[in-house]
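Data first, discussion second: the structure below is written as C-alpha cells.
No lab work stands behind these numbers, since they all come straight from the coordinates. As the structure is a prediction and not an experimental result, all values here were calculated from the model. Cβ atoms come from the backbone with ideal geometry, glycine included; neighbour counts cover every protein chain shown.
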Amino acid sequence: MSRTLALASFNSAITLSVCSLTSAASPRFPPLLFSSQRRLSHFNSTPFSHYIKHLPSVLAMDSSKAGPVKELPVGLDEATEEEYASQSKLLQEFTSLSSIDKAWVFKSESGKGSQAMFSISQPNLLANKKRKYMLSSSISKDSNNNVNFQWAPFPVEMTGVSITVPSPSGSKLLVIRDPENESPTQFEIWSSSQLEKEFQIPQSTHGSVYADGWFEGISWNSDESLIAYVAEEPSPCKPSFDCLGYKQGATKDKECTSWKGQGDWEEEWGECYAGKRQPALFVINLNSGKVHAVKGIEKSLSVGQVVWAPPVEGIDQHLVFVGWSADPRKLGIKYCYNRPCALYVVKAPLYKSEAAESDIKSLEELTVVNLTQSISSAFFPRFSPDGKFLVFLSAKTSVDSGAHSATNSLHRIDWPTDGKLSSSTKLIDVIPVVNCAEDGQFPGLYCSSFLSKPWLSDGCTMILSSYWHSCQVILSVNVLSGEGSRISPADSGFSWNILTLDGDNVIAVCSSPVDVPQIKYGCLVDKANNTTGWHWLNISSPIFKYSEKVMSLLSHLQFGILQIQVQDVSDCLTKGAAKSFEAIFVSSKVSDAPDPLIAVLHGGPHSVSLSSFSKSLAFLSSIGFSLLIVNYRGSLGFGEEALQSLPGKIGSQDVKDVLTAIDHVIEKGLVNPSKITVLGGSHGGFLTTHLIGQAPDKFVAAATRNPACNLSSMVGITDIPDWCYVEAYGTNGKTIFTEAPTAEHLTHFYNKSPISHISKVKTPTIFLLGAQDLRVPVSNGLQYARALKERGVETKVILFPNDIHGIERPQSDFESFINIGVWFKKYCK
C-alpha cells in the first residue's frame with residue numbers, strides 16, 4: 001500500500017471521530033487536526049506503525065470533550081439512557097411487592113380463635129427466582145365481633161421448599177424439598193415444635209414431586225398415616241454401549257467403561273413440561289417410610305390431583321385421581337382445558353404391617369375404575385366433609401368444541417356407602433354451562449382452581465372464585481340444591497380471590513388496577529328477613545407494603561370498566577355474540593390533557609384481563625400512560641355463546657373489537673389519538689401485529705411478547721397445533737386437524753396471520769422473545785421482526801435465552817417492561 005493511499009484510508013477512518021475537534025489538538029496527533037497539507041507533511045515523515053498503534057485511541061475520543069467515549073449497553077443511546085435508568089428505579093419498587101400464593105387456617109390449641117399461615121413469594125432479581133417464605137398470624141374476635149390479626153414479627157424463608165401441605169387435623173405439616181441433579185427427594189414431617197420425621201426418596205423410586213398446580217396432587221389419609229402424591233416416574237432403562245458395541249444386561253447405574261444411549265423418544269406435555277417425565281401415583285407410609293407406586297394404572301394415562309376417598313369400615317382405602325390419556329399423542333396441556341380427562345378410582349397399596357413386601361396387597365386387586373365415562377372432562381375432585389358425595393369441575397365445552405378454555409360446569413357424584421364403585425355411577429349436574437346470561441345475571445362458571453377444603457360448616461356449601469365479566473368474584477354454591485350467589489361486593493369493580501376459610505368465614509384478597517392487594521375477612525351474618533349476607537372487614541397486613549412514592553403515584557390514578565357495543569352484528573350467529581364486551585380503562589385523575597394510551601391485549605384468546613392489580617401494568621400507568629385493557633369477544637367470563645363466537649374469526653372479529661374499543665375512548669375525548677400504542681403477548685401479540693398491519697396509521701409504537709405471527713409456520717412446530725386449526729377454522733377445525741397440513745390449510749393459516757398484512761406496517765415495534773418457547777416458537781417472532789427490518793420499519797428484538805412462553809423469570813420480566821416503557825416513551829413525546 002502506498003503512503004498516499006494509506007493516508008487517504010487513515011484520514012477517512014478518523015474523520016468521523018475528529019471532524020469537530022478544530023480548536024484543540026490531541027497531544028498524540030497534533031498535526032492531524034489541521035489542514036490536509038500539514039497532515040500529509042507530518043504523515044510522510046512519521047512511521048506508519050505509529051498511526052496503526054494509536055488508531056484505536058483516536059476512534060475512541062469523545063467528539064465533544066476530547067476524552068474517552070462512555071461505552072453504552074447494546075440497544076441504548078445517550079438519549080434514552082437517563083429514561084432507562086429512571087424507569088428502572090421505579091419498576092424495581094413495583095417489582096418488590098410480595099404475593100400470597102396459598103393460605104391455611106388451623107384451630108388454636110386453646111380452642112379460642114385460630115391460627116393462619118400464609119405462603120408468600122417475592123421476586124428475587126439478583127438470584128433470578130422467587131423467594132418463598134411463611135408468615136403466620138393469630139386470629140381473634142372481641143365481644144363486638146371485630147376481627148384482629150396478630151402477625152408474627154418476621155416471616156420465615158422456605159429455602160429449597162417446593163410444596164407444603166398441612167395434615168387434615170392441622171397438627172402436622174408436610175414439607176417437600178425436590179432434588180437437584182440426581183439427589184433424593186426429601187419428605188419432612190413437622191409438628192408444632194420440631195421436625196418429627198425425615199425421608200429421603202431416591203431417584204430409583206421416583207423423580208421430582210409435581211408442584212405445578214395442574215398434575216400436582218398431595219393428599220393425607222384420614223388417620224394421617226399415609227400420603228398419596230404425584231411424582232415423575234423413575235427414569236427408564238436405556239441401552240448401554242461399550243467398545244464392543246451394545247452391552248447386554250445393562251442396568252440404570254453409570255459405568256466408567258460404557259455409555260448410555262438415548263433409547264426411544266418419549267413425548268412430553270409441551271410448554272412448562274420440557275424434561276419432565278410421566279406423572280405417576282405414589283403412596284408413602286409415614287410409619288415405615290416405605291414408598292409404593294400405585295399399580296394397575298395404564299401407561300397411557302398421566303395422573304394428577306389425587307385425593308383419598310372416605311374410609312369405609314371393612315373395605316380397603318381408595319384413591320380418586322384425574323387421568324389424561326396420551327392417545328394418540330400428548331399435546332400441550334398448560335392452559336389447555338380441552339384435553340380429555342376423567343376421574344378414576346383405584347385401591348391404595350396399603351401395608352398390613354411394617355413387614356416385608358409380601359404383606360402388600362396383591363397387585364391384581366388394584367383395579368382402576370373410570371367414574372366419569374359419560375362426560376369428556378372431569379377434574380379438581382373434592383369430597384364433602386362427611387364423605388357422602390364427590391364434586392368435580394368439568395371443561396366439557398372446551399373438550400367438545402376444541403377451544404382451549406371455555407365455560408365450566410360443576411357436577412356431583414353421590415358416593416356409595418358400601419364402597420361398591422362402578423363406571424356407570426350417576427353424574428348430577430350442579431351448575432350447568434351458561435350460554436347467554438341476562439344483563440347483570442350469573443354469566444357462567446370460570447374457575448382456575450379450588451381450595452383443598454372449600455366447605456362451610458353445613459357440609460354442602462362450597463366457596464370458590466370465578467370470573468364474572470372483567471372481575472374475579474367469590475361465589476357460594478350449595479352443591480345439593482344447585483343454588484349459588486355472589487358473596488363478594490358487586491358495586492366496586494374490584495377483583496376478589498379466595499385464599500382460605502376460617503370456619504364459616506372467608507379470608508380473601510381484593511385489589512384493582514390502581515389499588516394494591518388488601519386482605520379481607522368475610523363474615524357470614526343473619527339478616528332480619530331470614531336470609532344470610534356477608535360483611536367484609538379490612539385486615540391490616542405487613543405483606544403488601546409499597547414505598548410512599550409508589551403509593552403517591554397510584555393515588556393519582558383511577559379506573560373504570562367500560563361497556564363497548566359491537567359495531568356490526570350482521571355476522572353474529574347467536575344472541576351472546578351480539579352482546580357488548582368490556583374494556584378496563586385506567587387513567588390519571590390530575591392530567592389536564594389526555595395521556596398517551598396503551599391498548600393492552602390478553603392472550604389465549606380464551607382468557608381474560610381482570611380488574612385486579614398488576615405490577616407491570618401499574619408501572620406503565622405510573623410513568624404517564626392511560627391503559628385500555630380490552631376483553632374482546634371470545635374472552636372468558638361472558639357466557640359460552642360470546643366465547644364461541646371467536647373461533648374461525650381470529651384476525652378479524654377480535655381486531656375489530658379492539659379498534660372499536662379504541663375509537664370509543666377517542667370519541668369520548670379520553671385519549672390523545674396521535675399517541676396510541678399497543679401491547680400484547682401470545683394471542684395478544686397476534687392481535688398487536690395484526691393491528692399494526694390492518695390499521696397502520698393508528699399506532700405510534702407497538703410492543704409484543706412471543707407473538708403468533710405466522711400460523712402457517714407455527715402449526716408444524718408448536719405444542720398445540722390443534723389450536724391453529726380450531727381458531728382458524730372454528731369448531732370444524734377440531735375435525736379436520738391433522739399433523740400433515742395440506743397446501744390449502746397452510747394458505748388459510750397464512751391468510752389468517754399478521755404476516756399477510758406486513759407490507760402495510762410502519763409502526764416501530766419491539767419484540768420480547770423467549771428462546772425456549774414451545775407454544776409459539778421463537779422463529780415465529782423472529783421471522784416477523786426480520787421482515788419488518790427488511791422493509792425499513794424500526795424494530796428492536798430482545799431475546800431471553802432461558803425463558804419459555806410466559807417470560808416470567810424475574811430478570812426477564814423486569815427487562816421486558818423496562819424496554820416497553822422506554823420504547824413507548826420514545827414515540828409518545
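Values of log10 I(q)/I(0) for the range 433-480 across q = 0.16, 0.31 Å⁻¹ run -0.49, -1.21, by the Debye formula with one identical scatterer at each alpha carbon and no solvent. With R₀ set to 30 Å, the beta-carbon distance separating N181 from S96 gives a calculated FRET efficiency near 0.45.
Per residue, the chain reaches -6000 deg cm²/dmol at 222 nm when only DSSP H runs of four or more residues are counted, each adding -39500 (n - 2.57). When V715, V658 are arranged by Cβ crowding within 10 Å, least crowded first, meaning fewest neighbours, the order is V715, V658. What the Kirkwood sum gives for the chain is a hydrodynamic radius of 30.1 Å, with every pair of different alpha carbons counted. Below 8 Å between Cα atoms, with a sequence gap of 6+, how large is the relative contact order for the range 664-789 in percent? Relative contact order for the range 664-789 comes out at 31 percent.
Angle of helix 48-59 to the longest C-alpha principal axis of the chain, folded into 0 to 90 degrees and rounded to 10: 50°. Only alpha carbons enter this Debye calculation for the range 605-705, each as an equal point scatterer, and the log10 of I(q)/I(0) it gives at q = 0.10, 0.24 Å⁻¹ is -0.27, -1.51.
Phi angles of the range 545-553 translate, via the Karplus equation with coefficients 6.51, -1.76, 1.60 and θ = phi - 60°, into HN-Hα couplings of 10, 10, 5, 4, 4, 5, 5, 5, 4 Hz per residue; Gly and Pro are given as x. Fully extending the segment from W259 to S192, taken as 0.36 nm per residue of separation minus the present Cα-Cα distance, adds 19.3 nm. Along the range 504-513 the Karplus relation, 6.51 cos²θ - 1.76 cosθ + 1.60 evaluated at θ = phi - 60°, assigns HN-Hα couplings of 9, 10, 10, 9, 9, 10, 10, 7, 9, x Hz to successive residues, with x for each Gly and Pro.
My understanding is that a pair violates if its Cα-Cα distance is over 30 Å; which of K579/K668; K112/K549; K545/K675; K347/K426; K102/K334; K589/K615 do that in this structure? From the list (K579/K668; K112/K549; K545/K675; K347/K426; K102/K334; K589/K615), the Cα-Cα distance tops 30 Å for K112/K549; K545/K675.
Applying the criteria of a DSSP loop state and at most 16 other Cβ atoms within 10 Å to the trypsin sites (Lys or Arg not before Pro) of the range 563-623 yields K589. Taking every C-alpha pair closer than 8 Å and separated by at least 6 residues, the mean separation divided by the residue count of the range 674-716 gives a relative contact order of 47 percent.
Going by neighbour counts of Cβ atoms within 10 Å, the residues D697, D571 line up, fewest first, as D697, D571. Packing here is the average count of other Cβ atoms within 10 Å per residue, and on that basis the peptides 157-166, 328-337, highest first, run 328-337, 157-166.
Label separation (Q772 vs S422): 4.9 nm, computed from points 7 Å beyond Cα along the C-beta direction.
Give me the tail of P(r) for the range 421-523 as a percent: Cα-Cα pairs with distance above 20 Å. Every Cα pair in the range 421-523 considered, those over 20 Å come to 42 percent. Of the residues R775, R339, the one with the fewest other Cβ atoms within 10 Å heads the list, and the complete ranking is R339, R775. Between the amide H of R131 and those of Q122, N124, distances stay under 5 Å, these residues lying 5 or more places away or on another chain, with hydrogens modeled in the peptide plane.
Modelled this way, with points 7 Å down the Cα-to-C-beta line, the labels at L746 and N124 are 4.8 nm from one another. For I218, the residues whose amide H sits under 5 Å from its own are V306, ignoring neighbours fewer than 5 places away on the same chain, with H placed 1.01 Å from N. The equivalent ellipsoid that matches the C-alpha gyration tensor of the range 758-829 spans semi-axes of 21, 17, 7 angstrom, in descending order. When only C-alpha pairs under 8 Å and at least 6 residues apart count, what is the relative contact order of the range 365-476, in percent? The value is 20 percent. The Q565 and S759 beta-carbon pair, evaluated with R₀ = 35 Å, returns a calculated FRET efficiency of approximately 0.60.
The H on the amide N of L371, modeled in the peptide plane, is under 5 Å from the matching H of L343, Y344, V345, each at least 5 residues off or on a different chain.
In units of the rule-of-thumb radius 2.2 N^0.38 Å, the range 738-794 shows an alpha carbon radius of gyration of 1.29.
Normalised radius of gyration (Cα atoms, divided by 2.2 N^0.38 Å) for the range 671-792: 1.06. At full extension, E83 and K388 could sit 103.6 nm farther apart than now, given 0.36 nm per residue minus the alpha carbon distance.
Over all distinct Cα-Cα pairs of the range 94-226, the Kirkwood formula returns a hydrodynamic radius of 16.8 Å.
3J(HN,Hα) couplings calculated from phi for the range 712-723 with the Karplus curve 6.51 cos²θ - 1.76 cosθ + 1.60 (θ = phi - 60°) are, in sequence order, 5, 8, 5, 4, x, 10, 6, 7, 10, x, 5, 4 Hz; Gly and Pro show x. At full extension, V156 and Q200 could sit 13.5 nm farther apart than now, given 0.36 nm per residue minus the alpha carbon distance. In this simple spin-label model, placing a label point 7 Å from the Cα along the Cα-to-Cβ direction at both A593 and K70 gives a separation of 3.0 nm. Taking all Cα-Cα distances within the range 164-307, those exceeding 18 Å account for 62%.
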